[in-house]
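Trainee: Here it is, the structure, as structure tokens.
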Amino acid sequence: MALFSRRASLLEQVKALRAELGPSAPAPLPQELDDLARFLKPTPATEPKPDELAQLQGFLDALPDPSGVLEAKGKLVRANNVLDQLLGGRSVGRTLLEGTRSSELQEAAERSLQGSCVKREVNLPALQKVVMASLAPLPGGRALVVLRDLTEQKRIEQSRRDFVANASHELRTPVAAISGAVETLLSEAIELNGPARGFVEMVQRHSSRLTRLTQDLLDLSKLESGEWRVELGAVELTSLFDVVVELVRSRATPRGVQLAADAPNGLRVLADRRALEQILVNLIDNAIKFSPEGGRVTLLADNAGAHVLISVIDHGQGIEARHLQRIFERFYRVDGGRAREAGGTGLGLAIVKHLVQAQGGEVGVESGQGGSRFWVKLKSAPAT
């Protein structure tokens with residue numbers, strides 16, 4: 001009965017859990033939480049009705065995901081049938097550690113029993129499952145736990161990554177052979193008439209694009225699988241900016257795009273130099289493609305205390321607001337025809353996002369009619 005002694009507080013915790021679950025929860029779940037919240041609204045009565053525990057059990061049973069209530073000592077006092085099936089037997093009376101053999105899940109349960117909302121992806125080797133665990137504290141020192149099964153989703157994602165990696169690897173050999181043959185045909189040793197040379201040059205352009213695409217796919221696969229290991233260290237930005245600007249200058253010159261870079265002297269960031277260089281090259285290359293002829297692209301760094309904020313700014317036509325949430329997805333293009341014409345693969349920004357996250361940073365974009373600003377936020381390097 002103590003579970004219902006502070007109904008108003010419990011309602012707030014249900015709201016917190018709903019926020020924690022976010023948009024990734026199955027569609028029926030938010031409605032069930034709404035029903036549970038209405039059930040827990042304060043009433044003039046000071047004592048719960050005799051059948052309230054049965055009603056709570058009914059709400060737990062209605063949830064599509066494995067769910068239960070933990071008592072203060074960490075044992076399950078209520079559970080739905082889906083949780084029983086996941087744990088392979090009756091859940092009530094067992095701790096999450098006893099049911100799953102996961103110390104990580106048990107630690108999350110202890111935190112929620114101490115008053116914290118927890119949402120965490122947890123691997124359960126003993127059950128051969130991967131779950132998204134969402135836990136929220138309840139009155140009386142108890143906690144509500146919801147486990148969303150991600151096993152099939154993870155299997156599909158892994159299959160997709162394996163397919164992309166294998167296909168990209170197999171494509172490298174024939175693409176390299178085509179590129180070599182085209183270079184030979186275009187050499188001065190072989191004479192080609194006008195139409196023939198035009199066709200061969202078209203093959204060269206598309207083989208070059210295929211080469212970039214397969215390399216980008218391989219890089220992205222390595223990032224997603226964890227094969228790309230970042231090595232963090234202090235990187236001085238002034239010298240790095242000089243290197244990056246020289247690397248992209250040949251792409252800016254034909255369009256008359258001016259490049260500028262500015263970083264405070266001695267400003268250092270905690271990053272993998274090779275990864276950060278690729279991030280900046282990708283962002284500046286993207287800015288050049290979408291800048292008007294004779295435009296300007298600026299690379300800036302600002303000291304933000306514990307972090308460093310790096311910005312790449314262009315003065316192009318900008319990006320519509322409806323595209324901003326998806327701009328870092330693979331193969332997502334704001335202007336598909338223009339991007340392909342400029343030689344883009346649609347993977348550059350996805351690679352940027354993964355490289356930044358691998359270094360513990362954040363990436364984002366701001367855009368309007370006056371142009372766009374892509375920013376990267378990384379930790380500052382400790383002072384020497």
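Rule-based calculations on the coordinates, nothing more; no lab input. These numbers come from a predicted model, not from an experiment. Positions of Cβ are backbone-derived with ideal geometry, glycine not excepted, and every protein chain shown enters the neighbour counts.
Trainee: What ranking do VAL77, VAL356, VAL182 get, fewest neighbouring Cβ atoms within 10 angstrom at the top? Before the final figure, lay out the partial values.
Mentor: Working: VAL77 16, VAL356 22, VAL182 19.
In order of increasing Cβ crowding within 10 Å: VAL77, VAL182, VAL356.
Trainee: Let me ask something additional. With r as the distance between the Cβ atoms of THR184 and GLU246 and R0 = 25 Å, compute the FRET efficiency 1/(1 + (r/R0)^6) and round to 0.05. Intermediate values should be presented prior to the final figure.
Mentor: On the way: r = 31 Å, r/R0 = 1.23.
So, using R0 = 25 Å, E works out to roughly 0.25.
Trainee: Moving on to the next point. Ranking request for peptides 244-251, 93-100: highest mean number of other beta-carbon atoms within 10 Å first, then the rest in descending order. Walk me through the numbers on the way to the answer.
Mentor: Details: 244-251: 15.6, 93-100: 19.4.
Final packing ranking: 93-100, 244-251.
Trainee: In terms of modelled amide H atoms, which long-range or inter-chain residues lie less than 5 Å from the amide H of LYS129?
Mentor: LEU124
Trainee: List, in order, the whole-Hz ³J(HN,Hα) value for each residue of segment 163-177 obtained from phi through the Karplus relation with A = 6.51, B = -1.76, C = 1.60 and θ = phi - 60°; use x for Gly and Pro.
Mentor: Per-residue couplings from phi come out as 5, 4, 5, 5, 5, 5, 5, 5, 6, 4, 5, x, 5, 5, 5 Hz.
Trainee: Longer than 28 Å from Cα to Cα, which of LYS154/LYS222; LYS129/LYS377; LYS154/LYS379; LYS75/LYS119 are they? Say none if no pair is.
Mentor: Working: LYS154/LYS222 17 Å; LYS129/LYS377 34 Å; LYS154/LYS379 30 Å; LYS75/LYS119 19 Å.
As for pairs spanning more than 28 Å Cα to Cα, those are LYS129/LYS377; LYS154/LYS379.
Trainee: While we're on this one: With the cut-off at 1.5 for a/c, could you classify segment 154-225 from its C-alpha gyration tensor as rounded, prolate or oblate?
Mentor: Details: a/c = 4.16, a/b = 3.60, b/c = 1.15.
Prolate, since a/c reaches 1.5 and a/b exceeds b/c.
Trainee: Quick one: 3J(HN,Hα) in Hz for segment 81-86, Karplus 6.51/-1.76/1.60 with θ = phi - 60°, rounded, Gly and Pro as x.
Mentor: 5, 5, 5, 4, 5, 5
Trainee: In addition: Report the one residue of LEU237, SER291, ALA263 whose Cα lies farthest in the direction of the positive end of the charge dipole of segment 233-379 (charges on C-beta: Lys and Arg +1, Asp and Glu -1; origin at the Cα centre).
Mentor: SER291
Trainee: Going by a ≥ b ≥ c, the root eigenvalues of the Cα gyration tensor, does segment 74-194 fall in the rounded group (a/c under 1.5), the prolate group (a/b larger than b/c) or the oblate group?
Mentor: On the way: a/c = 5.72, a/b = 3.84, b/c = 1.49.
Here segment 74-194 falls in the prolate category.
Trainee: While we're on this one: In whole Hz and in residue order, list the ³J(HN,Hα) couplings for segment 121-135 that follow from phi through the Karplus curve 6.51 cos²θ - 1.76 cosθ + 1.60, θ = phi - 60°; x for Gly and Pro.
Mentor: These are the phi-based 3J(HN,Hα) values: 7, 10, 8, 10, x, 4, 9, 6, 9, 10, 10, 9, 8, 10, 10 Hz.
Trainee: Rounded, prolate or oblate, given the Cα gyration tensor of segment 86-144, with a/c below 1.5 counting as rounded?
Mentor: Values: a/c = 2.26, a/b = 1.42, b/c = 1.59.
Taking the square roots of the gyration eigenvalues as a ≥ b ≥ c, segment 86-144 is oblate.
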